[in-house]
1. Only Cα pairs under 8 Å and at least 6 apart count here; give the relative contact order of segment 24-159 as a rounded whole percent.
2. Accessible area per residue of the chain at 1.4 Å probe, in Å²?
3. How high is the relative contact order of segment 115-163, in percent, counting Cα pairs under 8 Å that sit 6 or more residues apart?
4. Please identify every one of the GluC sites (Glu not before Pro) in segment 118-182 that sits in a loop by DSSP and has no more than 14 other beta carbons within 10 Å of its own beta carbon.
5. Report the longest stretch of the chain that contains none of the trypsin sites (Lys or Arg not before Pro) sitting in a DSSP loop with at most 15 other Cβ atoms within 10 Å.
6. Measure off 7 Å from each Cα along the Cα-to-Cβ vector at residue 164 and residue 15, then give the distance between these two points in nanometres to one decimal.
7. Under the Karplus relation 6.51 cos²θ - 1.76 cosθ + 1.60, θ = phi - 60°, what is the ordered set of whole-Hz ³J(HN,Hα) values for segment 161-172, x standing for Gly and Pro?
8. With n ≥ 4 as the cut-off for DSSP H runs, can you work out [θ] at 222 nm for the chain, using -39500 (n - 2.57) per run divided by the number of residues, rounded to the nearest 500?
Amino acid sequence: IAEYFAFCNRLLKKEPFKGEKDAPCMIMFCAFQQIPEVIRQAEKYGFKKYQFLCFMKNYSPQVLKANMRIVGATEYALVLYRNKLPKFRNTDADGKRHMIFDHFDWVRDGRDIPKIHPSQKPVNLLKRLIGIFTDEGDVVIDPCAGSGSTLRAARELGRHSYGFEVSRDFYNKACEQMLGEVQDDKV
């Protein structure tokens, strides 16, 4: 986790000057048990504030164990930021403001979105988060790009995006299937 924050801290733009608004933030998905350690490591790298998010699924990957114990059907994330509140957009296309809750429904992607990675996030859910915390033309960075679903969500919303992935197999599948790009050997 410490190496992850060291890497991300270099990518995230600096805190705005006094009087300026719209500070950057990170959204980090993690297991419930990891939350205290994520908060501790985030503080070491200047991300002193956070907001907890919970995503409710209507299914569980633990279905085979359903008869033996309570099964998990939630995902968790933290919105991490430095000192200023992050950029936050809670208006719809008509300019009406609406409340943003700390919990979201986790609706699976349809057949039009390829399933590439075992921990792939739904594109529409990512589009909702990107829409709340960024504006058109902003940059979205995914340091663990996996399936490329964050990059696709950002592209569909008119944001610039960059992703990093250590697995050549996931990288190739994300480029070809999720993003519809043919890659050369310049990786």
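1. Details: 183 pairs, mean separation 32.2, N = 136.
Computed value for segment 24-159: 24 percent relative contact order.
2. With the other protein chains kept in place, the chain gives 64 Å² per residue.
3. Over segment 115-163, the number comes to 43 percent.
4. Answer by residue number: 136, 181.
5. On the way: sites that count: 13, 14, 18, 21, 48, 69, 89, 96, 108, 111, 115, 186.
So the longest stretch without any such site is 116-185.
6. So the two model labels end up 2.3 nm from each other.
7. For segment 161-172, the Karplus-derived couplings read 8, 9, x, 10, 8, 7, 8, 4, 4, 5, 4, 4 Hz, x marking Gly and Pro.
8. Estimated from H runs of four or more residues: -7000 deg cm²/dmol.
The values are calculated or read from the model by the stated rules, or taken from the named source; none is laboratory data. For clarity, every value in this text was computed on a predicted model and none was experimentally measured. Using ideal geometry, Cβ is built from the backbone for each residue, glycine included, and neighbour counts are taken over all protein chains shown. Ligands, DNA and RNA are excluded from the accessible area calculation, which covers all protein heavy atoms including side chains. Shrake-Rupley method; radii C 1.70, N 1.55, O 1.52, S 1.80 Å.
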